[in-house]
Amino acid sequence: MSAEAQVGLGDKLGRMRRSFRGWRGQRPFWGGLLTLLGGIPIMYFPYANLTIGTMTIRMATTAGAGSLIIGVLLVVLGLTMWFQPHSRIFAGVAAILLALVSLVVSNFGGFVIGFLLALLGGALGISWAAAKPVKASAKKRTEGSDDGAPEPAAAGAANGVSGTTDDLSGTSPDNGTNGRHRAG
């Protein structure tokens, strides 16, 4: 390969990496990955054979089909966290419940490996929150203004005057009651 071809390849690889980073940041990626990886040992170990020399140990359980179902569902829930991030709370709760059930059904949850991965992945899926877009006015406030004058909303709030209409019903968070009604 020539030097020019390597530069073009590096640029393309860099764009793909930035694109993947953007995709990964818009969803509970690590929660989905851990949930997906947690399903693999849960569905694999009940069907595995361990051979030591001439001795074969079969780890099959009476609930092999249940282990397979739990493992496949965990893989599907991990993919759901990736491709439908708005369903992350359902997928996270379901992953935690399936991980707990796998302790009883499939060799202590895939010898505790699958249980811990699915449990942690479900918790990460539930706790993930989308990044809030930064507004231009918020950037300006954090950077500070050039002339040192306060923002118009901050000046009005310092004088006790708010820019919104006073709502005496007690249901507006702008009037300080935060939705609580006054008695009396």
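Coordinate-derived values only; no laboratory data. Fair warning: this is a prediction, and the values are worked out from it, not measured in the lab. Cβ coordinates were reconstructed from backbone atoms using ideal geometry, including for glycine residues, and neighbour counts include every protein chain displayed.
When the C-alpha atoms of the stretch 39-99 are aligned to their principal axes, what extent does each axis show, in angstrom, from largest down?
Each principal axis gives a Cα extent; for the stretch 39-99 these are 51, 20, 14 Å.
Highest mean first, how do 106-116, 29-39 rank when packing is the count of other Cβ atoms within 10 Å averaged over residues? Can you show the working numbers first?
Numbers: 106-116: 21.0, 29-39: 24.4.
With the highest mean Cβ count within 10 Å placed first, the list reads 29-39, 106-116.
Quick check: from the Cα gyration tensor, does the stretch 9-116 come out rounded (a/c under 1.5), prolate or oblate?
oblate
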